[in-house]
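The structure appears below as structure tokens.
The values are calculated or read from the model by the stated rules, or taken from the named source; none is laboratory data. Keep in mind that what you see is a predicted model, and the values were worked out from it rather than measured. Positions of Cβ are backbone-derived with ideal geometry, glycine not excepted, and every protein chain shown enters the neighbour counts.
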Amino acid sequence: MQVSVKVKLCPDKEQYQSLLRTMERFNEACNFISEISWANHTTSVVKIHHLCYHDIRKQFGLSAQMAVRAVGKVSDSYKTDNEHKHSFKPHGAMVYDQRIMSWKGLQKVSLLTFDGRQVIPIILGGYQSARLEFQRRGQADLILINGIFYLVVIVDVPEQPEIVATEFLGIDLGIVNIAADSDGAIYSGAQINGLRKRHSKFRKKLQSKGTKSAKKLLKKRSRKEHNFATNTNHCIAKSIVAKAKDTGRGIAIEDLGGIRTRTTVRKAQRKQHNSWAFAQLRMFIEYKAKIAGITVKAVNPRNTSRTCPQCGCIDKHNRPSQSIFCCVSCGFSSAVADTIAAGNISRRASVNVPHVSPDLIGVREGTSSLALAVSG
């Protein structure tokens, strides 16, 4: 399985400026190539190469392989969308491959720049170190985020043999509680929802000012909320997969595709509803489970929060509030309704014998006996 790993670079001042100049010149070349590609109505990497290879080497001073990678970047961008002319930001990603990049163990990386090869120290955490021990693909992207250079590397991580599961850990996804499992564990969304409200209020305040310093602060804080939500989803997914692996179960999760078009919410809740990152959490759970060899099964979420686990009664009044479940038929109740839904999801994923009425059982048994008598 291919996994992307982000590696932080630690260049000195001269190396930093060298990387910055190289990245800016590379993206200038990409804009030049984009003009030629658009004017000639072609997205073919071979045709674009023949049209402008020598010109971009002469005009922008790129090395042979940098020119090839610039042509490849433009061609790939037009293959995803060829209805509009593309432009590339000065600090957009720069593509490196094994001819202009080499690893010096897990401590340094050598990158080609306009000032020659630069051997740059890297910083690795435990996760990155473990992943980079596996086979690395030849290509990597040099990116600049908030003034810090990173290399995004694709690594081939071996998958564990999938364990055939007969029991499943059910996962209910939500907004108030980001996730709840069928064992009763709750992953609250209070912290992330509170952060979003504070950030929204602060953004409005800065946008109303409109000053240069306000815009600068907005840009600085632009990814803070996103990064926090992503990290939270990673932690939740890691915990769920670890529990399923330790107990020898698969993971059952709701298939919530298209839920925003199927459901309506009040105006005050629209922003919160649209910020719900359920797809990202599901993706994290699936790829982490795949590496661990755990089965993930998506089930229909219809009525999972309204079905009584005791008597099977389905009624919207079984859920009088977000947190309370109380069956109108048998009186079964729970203070945490999300865990009831998670239990229903778990049961739906399990292989169950279909319910058959006693009369049909008698008919089937009689038919079987008759068939045996005839065959005998």
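Would you say Ile192 is hydrophobic (A, V, I, L, M, F, W, C) and at pLDDT below 85? Can you show your working first?
Numbers: hydrophobic (A, V, I, L, M, F, W, C): yes; at pLDDT below 85: yes.
Against the criterion (hydrophobic (A, V, I, L, M, F, W, C) and at pLDDT below 85), Ile192 qualifies.
Taking the criterion of being touching a His at 6+ places or on another chain (Cβ under 7 Å) and of a type in the set (Phe, Trp, Tyr), would at least one residue in region 48-58 satisfy it? Let's see the steps before the verdict.
Let us first name the residues in region 48-58 that are touching a His at 6+ places or on another chain (Cβ under 7 Å), namely none.
Checked against the condition, which is being touching a His at 6+ places or on another chain (Cβ under 7 Å) and of a type in the set (Phe, Trp, Tyr), region 48-58 yields no hits at all.
Just for region 117-148: of the residues that are modelled with pLDDT under 85 and surrounded by 17 or more Cβ atoms within 10 Å (Cβ to Cβ), which one is farthest from Met23 (Cα to Cα)?
Arg131
What residue, among those in region 96-135 that are without any contact (Cβ under 8 Å) to a residue 24 or more places away in the chain, outside any strand (DSSP E or B) and of a type in the set (S, T, N, Q), is farthest from Arg57 (Cα to Cα)?
Ser129
Within region 311-322, count every residue that is in contact (Cβ under 8 Å) with a residue 12 or more places away in the chain, of a type outside the set (D, E, K, R) and touching a Ser or Thr at 6+ places or on another chain (Cβ under 9 Å).
Residues flagged as in contact (Cβ under 8 Å) with a residue 12 or more places away in the chain, of a type outside the set (D, E, K, R) and touching a Ser or Thr at 6+ places or on another chain (Cβ under 9 Å) within region 311-322 amount to 3.
Kindly provide the set of residues from region 194-232 that are farther than 27 Å from Lys6 by Cα and touching a residue at least 40 places away in the same chain (Cβ under 8 Å), ordered by number.
Of all residues in region 194-232, those farther than 27 Å from Lys6 by Cα come to 194, 197-198, 200-215.
Result: Ser200, single match.
One line per residue, one yes/no per condition, for (1) among the hydroxyl-bearing types (Ser, Thr, Tyr); (2) in the same structural domain as Asp76 (by TED's automatic domain parsing); (3) within 19 Å of Met94 (Cβ to Cβ); (4) at pLDDT 95 or above:
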| residue | (1), (2), (3), (4) |
| --- | --- |
| Lys6 | no, yes, yes, no |
| Tyr16 | yes, yes, yes, yes |
| Leu19 | no, yes, yes, yes |
| Glu24 | no, yes, yes, yes |
| Glu28 | no, yes, yes, yes |
| Phe32 | no, yes, yes, yes |
| His41 | no, yes, no, no |
| Val45 | no, yes, yes, no |
| Asp55 | no, yes, no, no |
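Has region 136-156 got any residue that is in the same structural domain as His41 (by TED's automatic domain parsing) and part of a loop (DSSP other than H, G, I, E, B)?
Among the residues of region 136-156, at least one is in the same structural domain as His41 (by TED's automatic domain parsing) and part of a loop (DSSP other than H, G, I, E, B), which makes the answer yes.
So which residues in region 210-230 are assigned to a loop (DSSP other than H, G, I, E, B) and modelled with pLDDT under 85? Show your work before the answer.
Step one: list which residues in region 210-230 are assigned to a loop (DSSP other than H, G, I, E, B), which gives 210-211, 221-223.
Answer for region 210-230, where residues must be assigned to a loop (DSSP other than H, G, I, E, B) and modelled with pLDDT under 85: Gly210, Arg221, Ser222, Arg223.
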